[in-house]
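In what follows, a structure is listed as structure tokens, so that the remarks can point back to it.
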Amino acid sequence: MPPTHEVFNQPPALTGYDLADDQGMLSALRREGAGWAEESVRELGRLAGSARVQELGRQANENPPKLRTHDRFGNRVDEVEFHPAWHELMTVAVRYGLHAAPWRDSRPGAHVARAAGFYVWGAAEAGHCCPVSMTYAIVPALRHAPGLAGRFEPLLAAPEYDFGLRPPLTKRGLLAGMSMTEKQGGSDVRANTTRADPVPGDGEAGANAYRLSGHKWFTSAPMGDLFMVLAQAPAGLSCFLLPRVRPDGTRNGMHLQRLKDKLGNRSNASAEVEYDGALAWLVGEEGRGVRTIVEMVNVTRLDCVLGTATGMRAGLTMAAHHAAHRTAFGRRLADQPLMAAVLADLAIESEATTLAAFRLAGATDRAARGDGQEAAFRRLALAATKYWVCKRAPAHAAEALECLGGNGYVEESGMPRLYREAPLASIWEGSGNVAALDALRALTRQPESAEAFFAELDQAAGADSRLDQAVARLRKELGDPSEARARQLAEAMALVLQGALLVRYGDPAVADAFAASRLADDGGPGTWGRAFGMLPSGIDTAAIVSRATPHLGG
Ligand SMILES: Cc1cc2nc3c(=O)[nH]c(=O)nc-3n(C[C@H](O)[C@H](O)[C@H](O)COP(=O)(O)OP(=O)(O)OC[C@H]3O[C@@H](n4cnc5c(N)ncnc54)[C@H](O)[C@@H]3O)c2cc1C
């Protein structure tokens, strides 16, 4: 090798480590009642950190799905073809129960265990988490049609990935999707024009049958088996379960027109769909479709928060790893005070997001077991947290990318994929404004939610004066809950919740830095907020960064 090709001052490949070696996540897992799942989460973490799985993630994204609308004879096929890497990733996700499995698991903490698996495994590849998430989310909505739930839930929860076009009840496991958004309105689903005409007969498990005609502008994971669809029935907008293949084995009238050419999330398929007299069964009451499907949306929102926590942790890990091994100006990057401040700030954001995500997963678990207080807490806390952490994701990813310098801008570093994925969670399941307005709605119209939220904050009262003052400021701000201020209020609510969790359960250095940077009301130039890395002096950045630096060979 000529001497010009000698490679030095480049970090070792970040492979062969345990992605679940994450102290903030592991203690949250135990605290929220799923310590029993630690070994399985660790196993998944080691798998996700392996060179082999990282390669699967690359392949799945560099070989995006292809739509086959017709076969060679001109018959409609409407199938999506995936690279084998996608199928392997899906097989693992389903085998570890990251889809609907917790709904059939009576162990307290089952949803938290699943959240930890989702958080860890999502770092391997984000796109395939979409069908996994929708399959998780469909169950609470489907239970509005108990007969259909009784029939399909066991298959939605089965640990078997069984790809292909066959009648649902003949498969070993099922995947689900959600079909709401139309060209003329996504947030405003009441603008839907897809029609649902009742048809006598063809009912399934006690649910009435309809024929759906219309289009959907976005339907992700169209290779799924069952879809929750909104359509206008005689009594108004209603929710339907639509199988891709009819029970008699014939293809349903669900035609895939195109796949979207997306910014990121490229391993996954998102389609434009035409429904042409497609058979579907009513879920919930006619005319109450939004109320029914919101149950699905609320669960996917949890995954938006978890997925964002995953992305932040992945970016932070790559940045901390690079800085631990790269030298500039005679010192490791991690030892340069300004780089340490940037990394610490990224770590604080990541850890605060992880804590909030797991608190919400715990609330989901307890709410699913009938805890009304936790359901009320989750209602407001999830909307506000979804708004804020998803908003932070693109800035976090960009800053983490920059820590790698030019290497971060190059595809094979993995950073561009992370960066392209980052804005998506904020658009999905209630774009920024819609999520903030939803938080405001919960705050003003559901007093039990506001009470539960403040009761949570009260538990941290007295632990940190900066937090106490931020909570007092928030209470004052709530005197003007006008729509135009929804972002301000949602951000403030999310920040005090993160602060309260960190003060109670977080690493002391992280909690202190969070309060000093995000909660203290110092004002004036140089205060935190305009870019990462503007922490006040006196923060133990080395301690914070060391928590985020991966240990290879673990
Ligand atoms: C990759 C991808 C996959 C998707 N997969 C699916 C899927 O599987 N199923 C599905 O049904 N949909 C899916 N969607 C669609 C997605 O849910 C919608 O794009 C989203 O809900 C926003 O709707 P819209 O695009 O119609 O934008 P609009 O509703 O037109 O919103 C545009 C902007 O206006 C803001 N806005 C809306 N209302 C208000 C208001 N009252 N006040 C202030 N601001 C407001 C929004 O926050 C947004 O910023 C997907 C989208 C993407 C990008």
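Laboratory data are not the source of any read-out in this text; all were calculated from the coordinates shown. Because the structure is predicted, anything quoted here is derived from the model rather than measured. Please note: Cβ atoms are built from the backbone with ideal geometry, for glycine as well, and neighbour counts cover all protein chains shown.
Structural descriptor for segment 310-466: relative contact order 26 percent, calculated from alpha carbon pairs under 8 angstrom and at least 6 residues apart.
Over the chain, DSSP H runs of length four or greater, each weighted -39,500 (n - 2.57), average out per residue to a 222 nm ellipticity of -16000 deg cm²/dmol. At 20 °C and 1.002 mPa s, grab the translational diffusion coefficient of the chain from Stokes-Einstein with a Kirkwood Rh over Cα pairs, rounded to a whole number in µm² per second. The Stokes-Einstein estimate is 89 µm²/s. P(r) for segment 248-386, from all Cα pairs and a bin width of 5 Å, is 2, 8, 11, 11, 12, 13, 12, 11, 8, 5, 3, 2, 2, 0, 0 %, short bins first.
The M534 and D335 beta-carbon pair, evaluated with R₀ = 25 Å, returns a calculated FRET efficiency of approximately 0.85.
In this simple spin-label model, placing a label point 7 Å from the Cα along the Cα-to-Cβ direction at both A542 and R195 gives a separation of 7.3 nm.
Pairs of Lys residues in segment 144-285 that lie 8 or more places apart, or on two chains, and have C-alpha atoms under 24 angstrom apart add up to 5.
Fully extending the segment from A455 to D261 would add 65.3 nm, taking 0.36 nm per residue of separation and subtracting the current Cα-Cα distance. Extension gain for H551-R369 works out to 61.8 nm (0.36 nm per residue, less the C-alpha to C-alpha distance).
Taken about its Cα centre, the chain carries a charge dipole of about 720 debye when Lys and Arg each add +1 at the Cβ and Asp and Glu each add -1 at the Cβ. Counting other Cβ atoms within 10 Å as a rough exposure proxy, the listed residues I348, I544, I539, I427 run I427, I539, I544, I348 from fewest neighbours to most. Summary value for the chain: 14 percent relative contact order, contacts being C-alpha pairs under 8 angstrom separated by 6+ residues. Between the amide H of G284 and those of A145, distances stay under 5 Å, these residues lying 5 or more places away or on another chain, with hydrogens modeled in the peptide plane. Residue separation of R473 and R288 scaled by 0.36 nm, minus their Cα-Cα distance, works out to 62.8 nm of gained length.
Think of segment 21-140 as a dipole: +1 on every Lys or Arg Cβ, -1 on every Asp or Glu Cβ, centred on the Cα centre; then among T135, G24, A48, T135 lies furthest on the positive end. The Kirkwood radius of segment 408-483, taken over pairs of alpha-carbon atoms, gives through the Stokes-Einstein law at 37 °C and 0.692 mPa s a diffusion coefficient of 212 µm² s⁻¹.
Spacing of the modelled spin labels on S27 and D276, each 7 Å from Cα toward Cβ, amounts to 5.9 nm.
Taking the average, over residues, of other Cβ atoms within 10 Å as the packing measure, peptides 455-468, 27-40, 497-510 rank 497-510, 27-40, 455-468 from highest down.
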